[in-house]
Amino acid sequence: MTQQPSMDVPDRYPGKLTLRVVFTCIMAASGGLIFGYDHGVSGGVTSMDSFLKLFFPSVYEKESHLTPSSNQYCKFNSQILTLFTSSLYLSALVAGFGASSISRMLGRRAVMLIGGICFVFGALLNGLAIAIWMLIVGRLLLGFGIGFANSSVPIYLSEMAPYKYRGGLNMCFQLSITIGIFSANLFNYFFAKILHGNGWRLSLGLGAVPAVIFVIGSLCLPDSPSSLVERGRHEECKKELVKIRGTTDIDAEFKDILVASEASHKVKHPWRTLLERKYRPQLVFAILIPFFQQFTGLNVITFYAPLLFRTIGFGSTASLMSAVIIGSFKPVSTLISILLVDKFGRRTLFIEGGIQMLISQIVMTIAIAIAFGTSGNPGKLPTWYAVVVVGVICVYVCGFAWSWGPLGWLVPSEIFPLEIRPAAQSVTVGVNMICTFIIAQSFTAMLCHMKFGLFIFFGCFVVIMTTFIYILLPETKGVPLEEMAIIWQRHPIWSKFVDEKTKASNGDSKC
Ligand code: BGC
């Protein structure tokens, strides 16, 4: 069951890793900053008293009247408060689906640009909010921005990158996400105490900065070769290929893109086509990879680390600081993954990350159970105990940040053939957003009801998803996008779904 088709794929595209491609990919990947910044900022802001007092006075009242002996598991259980965090993912979902047609007609770059602009306005509106409607409209705009960016950036990166470096370059998107989360955690920590308690305005408003970088980036970037060919701009595509591959020997790659684009033009209804039997493997991964990525439970930590730490007995500043410490582990781990993914492959990282997360989830459960039992009423926790809990959470976060985090965006973006690529990517973004919404919306209630069992709940999913990858995901490392059909044909289960005609034509032209 350990397929390694990459070994047998002949080196048909002689391009190198040029400065232009690296620069272009880094600029495009900055789209991850806005997604990450938003992920990281809401948890800290909703733990700031001045913010709660202004927009969620009932939550503030409840929280400030709790005594240390109250049930700590339930102290932040407010659906209105979680709606602030999670509403954005609903609009991201809608935008993700709209992005598919724009991406096909106008190219990936146009989608990125629209996303960046929505985000700039959303961040400004949130930073200046004086009424709850401003917060909500701002969140909706941020959601549109994220939906558009996440539907276009990962596929843009995979289309621009030379196939041998596709993994590492695509993962720059996740690196930006983690840098975005980390900056937001850091800003929350510093801003919590300034401007007479109004520092949250800076935390929310500063989201406009990465968005402006992304807008400028989208204006300067070239469109991807596949997207140019799809819109009939063949000569431009050839010129771009010469520049980004650093060689004039681009005929093989250009021809393969042309063949893919011809197939794509025959498809008039990408959504319906996606449901055809021969695309079953892609559809399964488009849905299950983002689903599993969210059900690792990682976002419980991302969104609510400060609340979680306050729940387990830390003070307000210590909670924000712990979120910063944890946030700093993510970019470092993703960087390690960038260096390893094109060497060791996707499967190895997925499986190692899964095992690491599972072990830490078990330890976290035991640690919280010992301290809180089921009453949620802790005695005085010694400092070493809190340090151990934060340490285990860091191990868990690293496991995610070098596996399911970056691979959750990389793998879908590389397995979809051109004719269904924008539609399938929208499904991936849509499922990611729905699941992010569910987790964000239900976390405080889950903690209140499941107590320390929460991490075991997510641990069960980690077992299922690791087994799923082991059995069903073929290795995609080193396989050019246009030759990806090979991986399904050689897989003992998926080969049954690839029809004979596809098998024969791919067999003739590619192998
Ligand atoms: C996920 C986010 C998550 C982030 C954390 C991303 O890949 O989609 O939901 O918060 O990684 O690093």
**Request:** Please give the helix 172-191 orientation as an angle from the longest Cα principal axis of the chain, in degrees from 0 to 90, rounded to the nearest 10.
**Result:** 20
**Asked** If we sort 456-466, 152-162, 30-40 on the protection proxy, mean other Cβ atoms within 10 Å, highest first, what's the order?
**Response** 30-40, 152-162, 456-466
**Prompt:** Taking Cα atoms, how many degrees apart are the long axis of helix 280-294 and the longest axis of the chain, rounded to 10 and kept between 0 and 90?
**Reply:** 20
**Asked** Ranking Lys268, Lys451, Lys239 by Cβ neighbours within 10 Å, fewest first, what do you get?
**Response** Lys268, Lys239, Lys451
**Message:** Could you tell me how far the Cα centroid of region 457-493 sits from the Cα centroid of region 413-436, in Å?
**Reply:** 16
**Request:** Among Trp488, Trp409, rank each residue by its count of other Cβ atoms within 10 Å, from fewest to most, as a rough exposure measure.
**Result:** Trp488, Trp409
**Fill in**
To the nearest 10 degrees, the tilt of helix 31-45 (Cα long axis) against the first principal axis of the alpha carbons of the chain is 10
**Complete:** Fewest-first ordering of Cys448, Cys237 by Cβ atoms within 10 Å yields Cys448, Cys237
**Span per principal axis, largest first, for the Cα atoms of the chain (Å)** = 73, 46, 38
**Prompt:** If you place +1 on the Cβ of every Lys and Arg and -1 on the Cβ of every Asp and Glu, how big does the dipole about the Cα centre of region 19-509 come out, in debye to the nearest 20?
**Reply:** 400
**Request:** Tell me what the chain gives for mean residue ellipticity at 222 nm when only DSSP H runs of n ≥ 4 count, each as -39,500 (n - 2.57), the sum divided by the residue total, rounded to 500 deg cm²/dmol.
**Result:** -24500 deg cm²/dmol
**Item:** Positive-end residue of Val389, Ile434, Trp409, charge dipole of region 366-490 with Cβ unit charges
**Value:** Val389
**Asked** So for region 19-509, taking the charge dipole from beta-carbon charges (+1 Lys/Arg, -1 Asp/Glu), which of Ile338, Leu221, Ala305 sits furthest toward the positive end?
**Response** Ala305
**Message:** Less than 11 Å Cβ to Cβ from Arg20, Lys/Arg counted +1 and Asp/Glu -1: what total charge do the surrounding residues give?
**Reply:** +2
**Message:** Could you tell me the extents of region 223-349's C-alpha atoms along the three principal axes, largest first, rounded to whole Å?
**Reply:** 62, 38, 28
**Request:** Count charges around Ala92 for me, please; just the other residues with Cβ under 13 Å from its Cβ, Lys/Arg as +1, Asp/Glu as -1.
**Result:** 0
**Request:** Please report how far the C-alpha centroid of region 238-277 lies from that of region 88-115, rounded to the nearest whole angstrom.
**Result:** 20
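FYI, it's all coordinate maths here, none of it is from the lab. The shown structure was predicted, so the numbers you read here are calculated from the model rather than taken from an experiment. FYI the Cβ positions are ideal-geometry reconstructions off the backbone, even for glycines, and counts take in every protein chain you see.
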